[in-house]
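The values are calculated or read from the model by the stated rules, or taken from the named source; none is laboratory data. Please read all numbers here as calculations on a predicted model, not as lab measurements. Every residue, glycine among them, receives a Cβ derived from its backbone with ideal geometry; neighbour counts consider all protein chains shown.
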Amino acid sequence: MNEFDAKPTLWNKISIFVKECVRVLKITKKPTKEEFKTISKVSGIGILIIGLIGFIVHLAQQLFFK
């Protein structure tokens, strides 16, 4: 009988969660400088695009529904 078969108590849930977090942290790695730059550029472009879409929708709302 393993820890997943029994009815999970609060302590068991916390223990399982911590074990999963440790497992994830073990397989992660620090990004290289180049990877970090690429991720930053893509994230920035995404934020700008979403902001531009929001601005256009707001502008259209002000022009057509006022």
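Each residue in the range 25-55 was checked for being under 16 Å from the mean Cα position of the chain (by Cα) and at pLDDT 95 or above, and 8 pass.
What about Lys19, is it surrounded by 10 or more Cβ atoms within 10 Å (Cβ to Cβ) and free of Cβ contacts under 8 Å to residues at least 60 places away in the same chain? Against the criterion (surrounded by 10 or more Cβ atoms within 10 Å (Cβ to Cβ) and free of Cβ contacts under 8 Å to residues at least 60 places away in the same chain), Lys19 qualifies. Of the residues making up the range 32-47, not one is outside any helix (DSSP H, G or I) and surrounded by 10 or more Cβ atoms within 10 Å (Cβ to Cβ).
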